[in-house]
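The values are calculated or read from the model by the stated rules, or taken from the named source; none is laboratory data. Quick caveat: nothing in here was measured; it's all calculated off a predicted structure. Note: ideal-geometry Cβ built from the backbone for every residue, glycine included; neighbour counts use all protein chains shown. To get the accessible areas, we keep the full protein, side chains included, count just its heavy atoms, and leave off ligands, DNA and RNA. Shrake-Rupley method; radii C 1.70, N 1.55, O 1.52, S 1.80 Å.
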Amino acid sequence: VQSWYAFSLMDGDRDLRVSREEFLSAMGVTTTTATTSATTTTRTATSTARPTTTPETAALGMTLDVFEGRLRVYWGSAQRAEKELFRRGDQVAFPEFATFSTALWPPLNRTQAWFVFSLLDADHDLSLQEREFKARLGD
């Protein structure tokens, strides 16, 4: 789980590949331009667009669209699922999210649950806020 979290922090464009630039940016390494003047590479905000299906997500069998479809089948709507998930407060940690995900059919395994959790957790604070859930899956 920790290695996936570190990877997801580096994968700025959410393509399930860490490019040299993304890696260097995450490590805070400075790069030099053609004129040899040093410039600092900074990490930009990640896009809220859903990632396209890649060989990795296909092998994992999970995308946000697949997850949302399973929510709708089980709960009837993302809004009803949201009410159940956040019934105890406005945020959940991964263990609670993973348990929630086992109710879907077919249930998510822990790797799939972590993948979805990391996509929904926009600020990467290891806590899924209700507003983050609504922003990505709201009806």
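Test Leu120 against the stated conditions and say whether it is open to solvent by less than 70 Å² (accessible area, probe 1.4 Å) and either not assigned by the TED database to the domain that holds Ala6 or not aromatic (Phe, Trp, Tyr) (or both).
Here the answer is yes, as Leu120 does meet what is asked.
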ask   = Could we say that Ser101 is of a type in the set (Gly, Ala, Ser) and within 15 Å of Met62 (Cβ to Cβ) here?
value = yes
ask   = For the range 103-114, how many residues are touching a Phe, Trp or Tyr at 6+ places or on another chain (Cβ under 9 Å) and loosely packed, with under 12 Cβ neighbours inside 10 Å?
value = 1
Candidate set: the range 82-102, residues that are in contact (Cβ under 8 Å) with a residue 12 or more places away in the chain and farther than 13 Å from Leu126 by Cα; chosen: the one surrounded by the most Cβ atoms within 10 Å (Cβ to Cβ) = Ser101
request  = Would you mind finding the one in Val73, Val66 that is of a type in the set (Val, Ile, Thr), over 25 Å from Leu16 (Cα atoms) and modelled with pLDDT under 95?
outcome  = Val73
